[in-house]
Structure formats: C-alpha cells, structure tokens
Amino acid sequence: MQTEITTRGREELRQTRKRSRTLYWTVGVFSAFANLLMLTGPLYMLQVYDRVLGSGSEETLMALSLLVVFLYAVMGILDYARGRIMARVGARFQDDLDRRVFDAVVRKSAIAPDDKTNASLADLEAVQRTITSPVLMAAFDLPWTPIFFAAIFLFHPYLGYLALVGAAVLVAIAIANQFLSRGAQARAAVAGQQATGMSDQIRTEAEMVQAMGMRDAAFTRWQKARSEALVSHVRATDVGGTFTSMTKTLRLFLQSAMLGLGAYLVLQNEMTAGAMIAGSILLGRALAPVELGLGQWPVVQRGVTGWRNLAQLLGTVAPEGQRTELPKPRAILAAKNLIVVPPGDKQAALKSISFTVEPGQAVGVIGPSGAGKSTLARALTGVWRPAGGSIRLDGAALEHYGSETLGRYIGYLPQRVSLFDGTIAQNISRLLENPNDAKVVAAAKMAAAHEMILEFPDGYDTMIRSGQVRLSGGQMQRIGLARALYDDPVILILDEPNSNLDNIGSQALNQAIRTMKAAGGSVLIMAHRPAAIQECDRLLVLDGGVRMAFGPKDEVLKGMVKNHQQIQQAPKGAGGVA
Ligand SMILES: Nc1ncnc2c1ncn2[C@@H]1O[C@H](COP(=O)(O)OP(=O)(O)OP(=O)(O)O)[C@@H](O)[C@H]1O
C-alpha cells in the first residue's frame, strides 16, 4: 500500500520533470560540445610541447594560442548557457508544483498535521536547488569520463591503468560516503526540524510560558533538542569532511603520480613530454565530476530526501479533479448513518448519526466534552471525510462540490479563531487580496462587528498581527463570525460561537442567526452554553459520539429534564446512568 502511494507520487513528479524534457536535451547537447572542448587544454599542451618547443616556431604558437582562445570562449559560453538553462529548469519544476504541493500540504495538515508535511514546501525547494546545483551538471559530464580515459589509454596503457585504479578508489570513496553519511545527514535534518518546531511552539505560546514561569523549563527542553541537532550536524559534517579531504588528497596525489609515471615513460622513450602533461590534465577533467559530486553530496542527499517526501505526500493526497459546477444549493443538509473516525484514531468519534437541517432552521448540537460536536463540525465542513454513511448538501455529496466551492457555501466559525497577517477586510473576505468592500461590510454588519471595526485606527484597513491592534478574544470571534458570513453562505456552522462573547456579542450572534434563518439559510451551533441555543429550533444531543436525541428544542429539553429527574429519583444502587 505504502509503495503504491509512493509510486503514484513518484510518477507525478516524473511527469512534471518531463515537461522540461526539451531543455534537458538542450543541456545534454551543450554538455556534449562543452566536454569535447574540454580536450582543448590537453591538445594544446600536446602541440606546444611536442611541436612548438621542438620546432621553435613562434607562428605556430601564435596560431595555436588564438585557436585555443576561441575554443575556450565557445566552451565558456556553452557552460554559461547550460547553467542558465538548468536554473530555469529548476525554477519551472518548482513553479509547476508549487500550487499542487501547497494544496496537498493544506489538505493533509487540515486532517492530520505533522512535521514531515510541514517541511514539504522546503522539500520542493531542496529538489529545485539540486536541479540547479553544479552537481546535476556534473551528472551531464559523467558520461564523458570514459572518453577522457580512452584518450589517456591512447597516450600510454600504463597511464590508463593508473587513472582507472585511481578513479575506482575515488568511486569507492563516493559510495562509502553515500552509505556512511546518509544516516548522519538524516538524523541531523530531523533533529534540526524538531528543535525549530519546538522553538516555534514556545514562541507561539510565549504568553503562557512567561506568565507561568515556564521559561527555564522550556529553555532546557529546547536546548536538549538543539544540542542533539548540533551534535548530529557536527557528526554529519565530520563524515562528509573526511571523505571530501580524502578525495581531494587522492586526486592531487593521482595527478602527481600520473606526471611521475609519465616522466618515467618519457625517459624510457615510450611517450612524448607533451603526452605526459596532457595525460595529467585529462585525468583532472575525467575525475572532476566525481569530486564535485562528493563535495556537493549534502545538497544531493537533501534533494533525494525531498523528492522521496514529496512523492509520498503527492501519492497520499491525490489531485482534486475538475468537478461539474453545481448550482448554489438550498440550505438542506442531511447526515445519514454518519460515522467519523478522527485521523490517527481507531475509534469512531461519531457513530451512525442521522439528522436533517432544513432551510430557515437552526439546530443546536449539544453534549458533554468529547461528545463529538467539533468532530461533527469538521465532517460537515468537509475537512474530515466520513468513514461511513453520508453527508449531503441539497442532495449532493459534499465532495461533489469541490472544497473551494463548498467553502463558499458553508460558513464556518471554528472553536479557536485565528486570523492571518493582513487587513481586517482581507481577513473577513477570506484572504482575498482585493476584497469586495460591499460584501465585507455586509458580513461585518450581520456579525454586528461593523461599529467595533470602525473604532480601530484604520477601520477595515487596520492590519492584524503587525502590531497595529491587539484583538481581544471576543473581537476575534466577531471578526471570525463576519468571515463565516462573507459572501452569503447557505449554511452556517458555528463551533462554540459565544465562548468569548460578552452580552452584546451574544445578542449580535443571535441576531445574525435570525437574519440567516429569515434569508432561508440554515445554522448549526455546537454549544455548551444555553445562551448559544436560544435561537435554535431543533436540538441534536450527542454523548460519546452517539445520537441521544434529535427533535424540536422544547421536546428534547423536556425529555432531558424528565430523564434527569428519573435519574435523580432512582433508588440508590439501581445502577442509573450518571
Ligand atoms: N484532531 C483529533 N485527532 C484525533 N482525535 C480527535 C481529534 N479531535 C477530536 N478527537 C477525538 O474525538 C472525540 C470527540 O472530540 P470532539 O472534539 O469532537 O468533542 P467535543 O464534543 O467537540 O468536545 P468539546 O466540547 O470539549 O469541544 C474525542 O474522543 C477526541 O479524543
């Protein structure tokens, strides 16, 4: 199952990569010519030593030098061009996937947030950086290495053997590096992520940390994570550094060894001095991609991990297909035998719940803590998929609307309201860059937040979070309600809407519910407090994820009171339900 998911994700990444196929081919062709031109240096050496120095002809030296200047210029241009192309290939890869990965991150985090998903956008950047790094260019150069070796063999077989053995040792070092540093790199990355995650959490909860004297304890925990990250990082750098130094030393030694062996062969009259120098240069060229790969190994490893994580994310969160747009629904919401299992849980938090909400109705969902009220809100907004049963909005399953469209029809006020960086108007308009002013004001008025907003320094244009204003819990809740009411949703789902509201706020909320009902919409209110269900016509009582009652408010309340009285009056030891 897991491999199937990863294969699906890998395929999607490959398809995206394939969109730049022509550019990869272009880079391949440029690389071919650039590598051929790499022979310029050795050939020049060969000619200078064996022809110019032998004949003493200055004209030949001049002609050869001019030719070399031209060839190097062409090589430089080709190298520069392929670098530019690869930078664009990387940028295109990221650009093509930005939206898809962003959507997948949001959709997955809404269900079950985790560190790995959080890092997905960084993973995409890591892949992009690998594509644009010199190491990928080295991969284009690698196929030319055998040709350079063949040229060395042409100079003298002994030189060829020495070069081959040297290269084999270098490759063995590269492979050992791959195996030994992989674990250390991965541990360093995970530890680093954990330390950052912890510091983010401490920063977000700074008020509590400060108020409750938790700073020392928080520092101790954070420092533990941070030093773990530091130790892993140092270990990873040590391993990588050891291999890089070994490679560098070996390469330098090889070049001298080539010269030494070449000189010996010259002394034996088996080779010319030019071939000796040219052989040494050629070896350098042949081994350059290997050494570059080793030096850039952390970039490659991060890219490979990023690719793997992205494949898993994209495989897990399938793209949302194009849906036939349905007309604006009527406010009829029906749940039938609804079963919801929270992500990561084994037990259902809602067990076979059925109810219907009609236009013009407000339904209160009540029950003790952990009864499943918020779970129901998440299921009705389409955030959590039902494990069984169905939820239909005006006859169509929720997923038939597509999440963006569904969000327009269902206004949602979560239990914990949080607002984004931006103006109040942008927040009410659900983050639109250029909000529709009339709709923003209408929503704010309906949430009775208009006067309150006008009192802020810049009214609707007051920036939230940038320090211009600090909003109270009640103010946040009212702006959250205005956001839920923006653009005339047909259904309003309010999770503990009055937990932070004062009397005026509660009255405003009740007014908003009345207006919504009068306009033919419907409202669901998850609540603990009686004030919140004042405007409700019907009640759904949940306990332990089970529907205990559903019907007209008065009847349900009467039933509950009767039940309560029976429990009170039951003889002691009769085993009544608490
Ligand atoms: N994000 C989550 N991941 C896993 N399990 C969850 C999650 N949220 C809720 N649950 C589980 O679902 C069950 C119902 O929780 P839910 O939050 O729906 O109750 P509630 O009635 O809204 O409670 P409260 O009135 O305290 O807000 C609980 O047993 C809880 O453990």
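Structure summary
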item: Gyration tensor verdict on the stretch 333-569 (Cα atoms; rounded if a/c is under 1.5, prolate if a/b is larger than b/c, oblate otherwise); result: prolate
item: Vicinal HN-Hα couplings computed from phi for the stretch 201-208 (Karplus, 6.51 cos²θ - 1.76 cosθ + 1.60; Hz; Gly/Pro x); result: 5, 5, 5, 5, 9, 4, 4, 5
item: Order of exposure, largest accessible area first, which applies to LYS346, LYS248, LYS517 with probe 1.4 Å; result: LYS346, LYS248, LYS517
item: The chain: antiparallel DSSP beta bridges as a percent of all, rounded to 5; result: 50 percent
item: Estimated FRET transfer efficiency (GLU4, VAL231; beta-carbon r; R0 30 Å; 0.05); result: 0.20
item: Gained length - GLU325 relative to ALA87, 0.36 nm times residue gap less alpha-carbon distance; result: 81.8 nm
item: Proximal aspartates and glutamates relative to LYS224, as straight alpha-carbon distance under 13 Å, when same-chain residues fewer than 8 apart are discounted; result: ASP216
item: Potential extension, ALA387-LYS558 segment - 0.36 nm per residue separation minus Cα distance; result: 58.3 nm
item: Cα-based reach from LYS373 at 17 Å (exclusive), listing aspartates and glutamates while leaving out same-chain residues under 8 positions away; result: ASP345, ASP495, GLU496, ASP543
item: Contact order relative to length of the stretch 333-569, as percent, for alpha carbon pairs under 8 angstrom and 6 or more apart; result: 28 percent
item: Spacing of the two label points (7 Å from each Cα toward its C-beta) at ASN269 and GLN15, in nm; result: 7.0 nm
item: Dipole of the chain [Lys/Arg +1, Asp/Glu -1 at C-beta], most positive-end residue of VAL300, SER133, ALA371; result: ALA371
item: Positive-end extreme of charge dipole, the chain - chosen from MET560, MET198, ILE281 (charges on Cβ); result: MET560
item: Packing-based ranking, highest mean first, of 56-67, 267-278 given that Cβ atoms within 10 Å are counted; result: 267-278, 56-67
item: Probe 1.4 Å - accessible area at ARG308, Å² to nearest ten; result: 110 Å²
item: Computed [θ] at 222 nm, helices only, for the chain once each DSSP H run of length n ≥ 4 contributes -39500 (n - 2.57); result: -21000 deg cm²/dmol
item: For the stretch 420-564, accessible area per residue (1.4 Å probe, heavy atoms of protein chains only), Å²; result: 47 Å²
item: Rounded percent of accessible protein surface that carbon and sulfur make up, the chain, 1.4 Å probe; result: 58 percent
item: Sum of side-chain charges, GLN301 neighbourhood, beta-carbon under 11 Å (Lys, Arg +1; Asp, Glu -1); result: +3
item: Whole-number percent relative contact order across the stretch 72-173, with pairs defined as alpha carbons under 8 Å at least 6 apart; result: 25 percent
item: 1.4 Å probe accessible area per residue over the stretch 239-358, in Å²; result: 50 Å²
item: Distance (nanometres) between label positions extended 7 Å along Cα→Cβ at ILE111 and THR405; result: 2.1 nm
item: Percentage relative contact order, the chain, counting C-alpha pairs under 8 Å, at least six apart; result: 15 percent
item: Solvent-free Debye scattering, log10 I(q)/I(0), computed from the Cα coordinates of the chain at q = 0.08 Å⁻¹; result: -0.76
item: Theoretical FRET efficiency, 1/(1+(r/R0)^6), r = Cβ-Cβ of LEU432 and THR242, R0 41 Å, to 0.05; result: 0.15
item: Selection from SER109, GLY183, GLY28 lying farthest towards where the dipole of the stretch 1-316 points positive, charges on Cβ; result: SER109
item: Distance in nm between pseudo-label sites at TRP25 and SER65 (7 Å out along the Cβ direction from Cα); result: 4.3 nm
item: Burial order of peptide ranges 448-461, 365-378 (average beta-carbon count within 10 Å, highest first); result: 365-378, 448-461
item: ³J(HN,Hα) computed for each position of the stretch 368-377 - Karplus, 6.51 cos²θ - 1.76 cosθ + 1.60, integer Hz, glycine/proline x; result: x, 4, x, 6, x, 5, 5, 4, 5, 4
item: Restraint check, LYS445/LYS553; LYS328/LYS439; LYS439/LYS517, Cα-Cα greater than 21 Å; result: LYS445/LYS553
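The values are calculated or read from the model by the stated rules, or taken from the named source; none is laboratory data. Bear in mind that the values here come from a model prediction, so they are computed numbers and not experimental data. For neighbour counting, all protein chains shown are included, and Cβ atoms are generated from backbone atoms with ideal geometry for every residue, glycine included. Accessible surface is based on the protein model in full, side chains and every heavy atom, while ligands, DNA and RNA are left aside. Shrake-Rupley method; radii C 1.70, N 1.55, O 1.52, S 1.80 Å.
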